Every structure is written in C-alpha cells, then in structure tokens.
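The values are calculated or read from the model by the stated rules, or taken from the named source; none is laboratory data. Here the structure is a predicted model, which is why all the values come from computation and not from measurement. Positions of Cβ are generated from backbone atoms using ideal geometry, with glycine treated the same way; all protein chains shown enter the neighbour counts.
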Amino acid sequence: MTKQQANWSPYDNNGGSCVAIAGADYCVIAADTRMSTGYNVLTREYSKITKLADKCLMASSGFQADVKALQKLLAARHLIYQHQHNKQMSCPAMAQLLSNTLYYKRFFPYYSFNLLGGLDNEGKGCVYTYDAVGSYERAGYSSQGTASTLLMPYLDKMLKSPSPLLLPAQDAVTPLSESEAIDIIKNAFAAATERDIYTGDKVEIVILNAHGIRREYMELRKD
Amino acid sequence: MDQKPSNCGLPSLEADSQRTLYPYVTGTSVVALKYKDGILMAADMGGSYGSTLRYKSVERIKPIGKHSLLGASGELSDFQEILRYLDELILYDNMWDDGNSLGPKEVHSYLTRVMYNRRNKFNPLWNSLVLGGVKNGQRYLGTVSMIGVNFEDNHVATGFGNHLARPILREEWHENLSFEDGVRLLEKCMRVLLYRDRSAVNKFQVAKITEEGVTISQPYSLKTSWGFSAFKNPTLGAEGSW
C-alpha cells in the first residue's frame with residue numbers, strides 16, 4: 001500500500017490571540033477562548049490564561065499540546081521554588097524562568113507564543129513578551145498570537161505610552177486607568193475577530209491589582 | 001572515510017521502520033455527547049485498509065476501569081496497544097487495594113501524556129481518542145489527538161465527525177438531553193457520516209456510561225434511503241462540469 005497522507009508533523013497551530021496591558025498599579029491580561037485546527041473550530045471554551053503565581057499570569061497561543069506541557073513544567077518548577085524559599089515567585093523571576101525554559105528546547109521548540117502579566121516587587125504592573133525560543137522583553141503592553149499583527153498597531157495608537165525609543169528611557173506603563181485599559185482590550189478583540197478567523201467566540205479578561213484577581217468575559221463573533 | 005551526513009541529532013524519519021509514519025488499518029469517526037445522566041458515544045465498526053473495507057466487526061468503543069469509556073479512530077493496532085497500557089494502569093492502581101479508582105479525568109490526563117510523549121519521540125500513536133465517563137456525579141467528556149492536542153467539551157467528534165457531526169451537535173445539543181433524545185441525536189450524526197464519509201459502514205455501536213456503569217449496544221444499522229432525486233442524478237443541479 002502506498003502512503004496517502006502528507007508527511008507527519010509534530011506541530012499544529014491551534015490559533016488564538018493574547019493581549020496584556022500594564023498600568024501603574026494593575027495589569028490586565030486577555031485572550032480569546034477559541035481553539036481551532038485548520039478551518040475547524042475544536043472548541044469555543046478553551047482558556048489560554050493560567051495563573052503561574054499569586055501575582056503572575058500567563059496567556060499562551062500556538063500549539064496547545066506544547067502550551068499544556070509548558071504550563072505543567074512551570075507549575076512543577078514553581079512548586080519546587082515554594083518548597084525551597086517559602087514564598088511565591090515574583091513576576092520578573094517567573095519571566096526569566098519562562099525564557100530559560102523556552103530556550104532549553106531551542107532545537108525542538110515549544111511552538112507557543114506567550115505573554116506574561118503581573119505585578120512586580122514594587123506592585124507596579126508588568127508585561128513580558130516572548131518568542132517561541134525564549135527571547136523576551138519587558139514592555140508596557142503587548143500582543144501575541146494569530147491576530148497579533150492586527151492588535152499591536154491598535155494598542156500602539158490607543159495606549160498613549162511613551163515611545164520605547166525615547167532617551168533617557170521612560171516608564172512604559174500606560175497612564176490610563178484600569179477600566180480604560182479593559183475597554184481598549186474589548187475593542188481590540190472585537191476588531192481582531194472581524195479579520196482573523198482563528199480569533200473569536202469569547203474573550204477572557206483577567207485583571208490583577210492589589211485587591212487580587214478578577215475575571216471578565218465578553219462574547220465575540222462565533223464565525 | 002565514509003561518514004553519514006549529520007542530522008543534528010534528530011531521528012531520521014524515513015530510515016527507521018520502527019515507527020508509524022502512516023496508518024495501515026484505520027477506523028473512522030467517533031461521536032460522543034453529554035446527556036442528562038452521563039455520556040453517550042457512537043462509532044461504526046469498519047476497519048479500512050487504505051480505501052479497502054478490510055474489517056467489518058471492529059469494536060472501537062471499550063470500557064476502561066469502572067467509570068470510563070474510550071472510543072478511538074485511526075490506526076487500530078495502536079488503539080489495541082493503548083488498551084494494553086490502560087489495562088496495566090488500571091490493574092496496578094487496583095493492586096493498591098485502597099478503595100480508590102481512576103476516574104475519567106485521570107484516564108484522560110494519562111492518555112494526553114502518553115500521546116504527547118510519543119509525538120515527542122517522533123513515534124506517534126496514530127489515533128484520535130475520545131474519553132467519556134461519570135464519577136461522583138460528575139460527567140466528563142474529552143478528546144486527545146495524535147500529537148497530544150486535548151480538550152473537554154459537551155460534545156466531541158473525531159475525523160470527519162468534526163466537519164459533519166459537530167455542526168449538528170452545536171445546533172441541537174442542550175444540557176438536559178434525555179437518553180432517547182441523545183441516541184436520536186447521535187444517530188442523526190452517524191447517518192450524515194454514513195452518507196458522506198466513504199469509509200463509514202452501516203454497522204454501529206452506541207455506548208452509554210452513567211453512575212451505574214457501562215452498556216455497549218449490540219451492533220445495529222440505521223435505516224437509509226438512497227431514493228432522493230439528487231442521488232439518482234447528481235449532476236442535475238451542477239451542469240457544465242462533466
């Protein structure tokens with residue numbers, strides 16, 4: 001019998017988009033809940049956001065199986081950290097751990113595109129943005145995933161953050177309020193859904209501030 | 001000095017015959033849904049050797065432990081291997097004799113790790129699996145693919161079922177489906193698959209799992225009707241191509 005299938009691939013792209021915005025005393029991180037493969041929607045209710053530590057959340061798109069493996073590994077590493085240090089890992093520390101974890105698989109990468117959002121040691125909002133092999137950067141806001149190219153310029157326009165090119169370097173967090181940031185995220189996803197077939201169904205918005213964690217949902221187009 | 005070209009330490013795909021590069025005997029779609037008291041699952045009994053219908057009495061739905069039901073499409077020998085893994089898992093768990101037993105959630109989680117590990121070794125188990133079950137009044141329904149992609153939902157399907165059955169399920173599924181309505185909905189899905197999926201056969205099993213346990217039906221067939229005028233003269237509505 002001759003082979004009928006195309007060559008097997010260990011990767012798939014399950015789509016999805018993530019956005020995170022850092023404010024002076026809060027951080028908002030959001031992702032849609034659609035999971036697809038090719039032209040199929042696999043499920044409309046898949047959460048891409050995980051809590052890695054008390055003040056650290058990760059939103060991930062890309063290949064779901066790799067993302068799940070990455071989340072499990074980080075959870076295990078964080079448990080060891082808690083046993084050794086008797087405290088929660090800080091967001092900047094988790095950011096470095098995520099980078100090292102991704103680079104460790106540099107030659108058989110996790111096909112995952114991540115955003116890390118949380119509060120730093122001073123209680124200020126922070127966002128870290130990654131590529132699949134661990135390059136990362138602290139930013140005031142960022143987007144990742146299939147609609148990142150649609151979301152990013154919208155965020156650039158709306159967030160009134162000082163340019164990262166300014167010298168001397170300015171603080172990158174947005175001067176906007178928490179509710180303004182949430183509105184911008186809702187608008188961004190509503191727009192991205194119109195043009196990206198891999199983004200839709202619902203956005204999950206997670207808000208992190210001194211009071212703790214709060215979740216909001218907004219319905220998106222289902223087509 | 002003859003040296004083989006370096007392959008960056010990655011296993012060469014074509015040279016090693018000890019891995020599944022493509023399937024031999026395959027089963028087609030599995031469809032499953034949650035209903036009022038548990039999970040219903042349906043699959044036909046065909047085993048295809050390429051496009052030849054080689055086997056016609058393959059049981060593709062099996063009970064796993066006390067609380068779970070596993071349905072498989074894809075390579076049937078790999079499915080039997082998976083059943084051996086699960087038999088061992090359940091047996092060793094049972095030998096603790098602590099009164100605990102693995103529920104559907106645990107079995108599904110185990111399967112996701114097995115499938116993902118094998119894809120990491122470039123030696124996949126060529127299946128899409130559906131796992132359903134009930135434990136402590138909690139219904140569970142999930143699926144895993146060949147490369148480890150996994151999720152839970154109120155209804156799932158594999159292969160062609162994703163194209164043809166899930167749109168029907170999204171229209172008609174609701175939280176409080178009775179057993180009769182659930183079976184009727186599955187049969188509607190299986191009938192569409194039977195008409196449109198060439199490797200589907202008209203011999204099915206429907207399985208049910210509730211808190212009380214597993215029941216897998218005897219094989220039966222669906223009533224079909226091929227008398228539609230569109231079937232008799234398929235080009236009538238699409239003139240000009242041939």
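Tabulated values for the structure
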| quantity | calculated |
| --- | --- |
| Boolean, B:Ser51 is touching a Pro at 6+ places or on another chain (Cβ under 6 Å) and of a type outside the set (Asp, Glu) | no |
| Test: residue in region B:204-223 that is part of a loop (DSSP other than H, G, I, E, B), modelled with pLDDT of 95 or more and touching a Ser or Thr at 6+ places or on another chain (Cβ under 9 Å) | yes |
| Residue in region B:165-188 that is within 14 Å of another protein chain (Cβ to nearest Cβ) and among the hydroxyl-bearing types (Ser, Thr, Tyr) present | no |
| Among residues of region A:130-144, those that are outside any loop (DSSP other than H, G, I, E, B) and surrounded by fewer than 23 Cβ atoms within 10 Å (Cβ to Cβ), counted | 5 |
| Residue in region B:159-167 that is outside any loop (DSSP other than H, G, I, E, B), touching a Leu at 6+ places or on another chain (Cβ under 9 Å), over 28 Å from B:Thr112 (Cβ atoms) and at pLDDT 95 or above present | no |
| Only listed residue being among the hydroxyl-bearing types (Ser, Thr, Tyr), in a loop (DSSP other than H, G, I, E, B) and within 29 Å of B:Asn117 (Cα to Cα), chosen from A:Tyr81, A:Tyr110 | A:Tyr110 |
| Where a residue in region B:153-175 is touching a residue at least 12 places away in the same chain (Cβ under 8 Å) and surrounded by 19 or more Cβ atoms within 10 Å (Cβ to Cβ) and its partner, wherever it lies, is among the basic types (Lys, Arg) and not in a loop (DSSP other than H, G, I, E, B), with Cβ under 6 Å and at least six apart | B:Ala157/B:Arg166; B:Leu164/B:Arg196 |
| When residues of region A:172-197 are limited to those that are among the polar types (S, T, N, Q) and outside any loop (DSSP other than H, G, I, E, B), the one farthest from the chain's Cα centre (by Cα) | A:Ser179 |
| A:Ser161 vs. criteria of a type in the set (Gly, Ala, Ser), without any contact (Cβ under 8 Å) to a residue 40 or more places away in the chain, in contact with a strand residue (DSSP E or B) (Cβ under 7 Å, 6 or more places away or on another chain) and closer than 23 Å to A:Leu57 by Cα | yes |
| Meets criteria (surrounded by 24 or more Cβ atoms within 10 Å (Cβ to Cβ), within 14 Å of another protein chain (Cβ to nearest Cβ) and under 27 Å from A:Asp12 (Cα atoms)) for B:Asn127 | yes |
| Residue in region B:20-29 that is in contact with a Pro (Cβ under 7 Å, 6 or more places away or on another chain), surrounded by fewer than 22 Cβ atoms within 10 Å (Cβ to Cβ), within 14 Å of chain A (Cβ to nearest Cβ) and more than 22 Å from B:Lys135 (Cβ to Cβ) present | yes |
| Check on B:Leu236, in a loop (DSSP other than H, G, I, E, B), over 19 Å from the mean Cα position of the chain (by Cα) and at pLDDT 95 or above | no |
| Per-region count, region B:85-102, residues of a type in the set (D, E, K, R) and farther than 16 Å from B:Ser68 by Cβ | 2 |
| One residue from B:Asn154, B:Asn123, B:Asn162, B:Asn117 being farther than 18 Å from A:Lys68 by Cβ and more than 18 Å from the chain's Cα centre (by Cα) | B:Asn123 |
| Any hit, region A:145-152, residues being buried (at least 17 other Cβ atoms within 10 Å of the Cβ), touching a helix residue (DSSP H, G or I) at 6+ places or on another chain (Cβ under 6 Å), hydroxyl-bearing (Ser, Thr, Tyr) and not in a loop (DSSP other than H, G, I, E, B) | no |
| Test result for B:Val134, closer than 17 Å to A:Gln64 by Cβ, modelled with pLDDT of 95 or more and either within 12 Å of another protein chain (Cβ to nearest Cβ) or assigned to a strand (DSSP E or B) (or both) | no |
